[in-house]
Amino acid sequence: MRTGFIAFLTAAISIASVPASAQVRDAVYRGTMVCDKLPFSAGKSREAIEVTIAGGSVRYSRVVRLRSTAEPTREEGSGTLNGDNISLKGSWKGGNRQFEAKYDGTFVRRHASLRGTQTWNDGGKTASRACYGVIKRPLRAFLQRDRKQP
């Protein structure tokens, strides 16, 4: 009985000591980004973000909404992974408005907290705003698996 308990305890400690970077990263992460108010927007924005990590490649897209309806084009960009750190850079353009975005974050288990800024150009006027949010992947049991061909 005692040997079984020691084996269980050893297995539990070894599983708990696996670093987060060894966990599954390839997945679609979804979450929400909240950004401060701009001079020409209705208020703070709270919009969905989707980050796809596949084979070390990072891509993201996010809804842009200045008033009550979403803009026809989305903010899009790419990123990099460095251990548990993620960096995203992207942009958006609509009419005479455009912005460049940069977000950074750190993974903890299956989610990452992001912080960054958007630098806007609105007809020659420049404004910056802070953004923050969280992205999260589904539980490992719900991730898509490659099926073997018969």
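Brief remarks follow.
- Contact map, the stretch 34-50: residues that are farther than 14 Å from Tyr132 by Cβ and among the small types (Gly, Ala, Ser) paired with residues that are open to solvent by less than 20 Å² (accessible area, probe 1.4 Å) and in a loop (DSSP other than H, G, I, E, B), Cβ distance under 6 Å, separation 6+ or inter-chain. Pairs shown: Ser41/Leu66.
A quick yes/no check of all residues on (1) within 21 Å of Val34 (Cβ to Cβ); (2) touching a strand residue (DSSP E or B) at 6+ places or on another chain (Cβ under 7 Å):
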residue: Arg62; (1), (2): yes, yes
residue: Arg67; (1), (2): yes, no
residue: Ala70; (1), (2): yes, no
residue: Thr80; (1), (2): no, yes
residue: Ser87; (1), (2): yes, yes
residue: Ser91; (1), (2): yes, yes
residue: Phe99; (1), (2): yes, yes
residue: Ala130; (1), (2): yes, yes
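- Subset of the stretch 103-136 [closer than 18 Å to Arg74 by Cα and touching a Leu at 6+ places or on another chain (Cβ under 7 Å)]: Tyr103, Trp120, Arg129, Tyr132, Gly133, Ile135
- Cβ-Cβ under 6 Å pairs, at least 6 apart or on other chains, the stretch 120-132 side touching a residue at least 60 places away in the same chain (Cβ under 8 Å), far side of a type in the set (D, E, K, R): Asp122/Arg97; Arg129/Asp36; Ala130/Asp36; Tyr132/Arg115
- Residues in the stretch 41-62 that are surrounded by 17 or more Cβ atoms within 10 Å (Cβ to Cβ) and of a type outside the set (S, T, N, Q): Glu47, Ile49, Val51, Ile53, Val58, Tyr60, Arg62.
The values are calculated or read from the model by the stated rules, or taken from the named source; none is laboratory data. Bear in mind that the values here come from a model prediction, so they are computed numbers and not experimental data. When we count neighbours, we look across all protein chains shown, and the Cβ atoms used for this are built from the backbone with ideal geometry, even at glycine. Note: areas computed on protein heavy atoms with side chains; ligands, DNA, RNA excluded. Shrake-Rupley method; radii C 1.70, N 1.55, O 1.52, S 1.80 Å.
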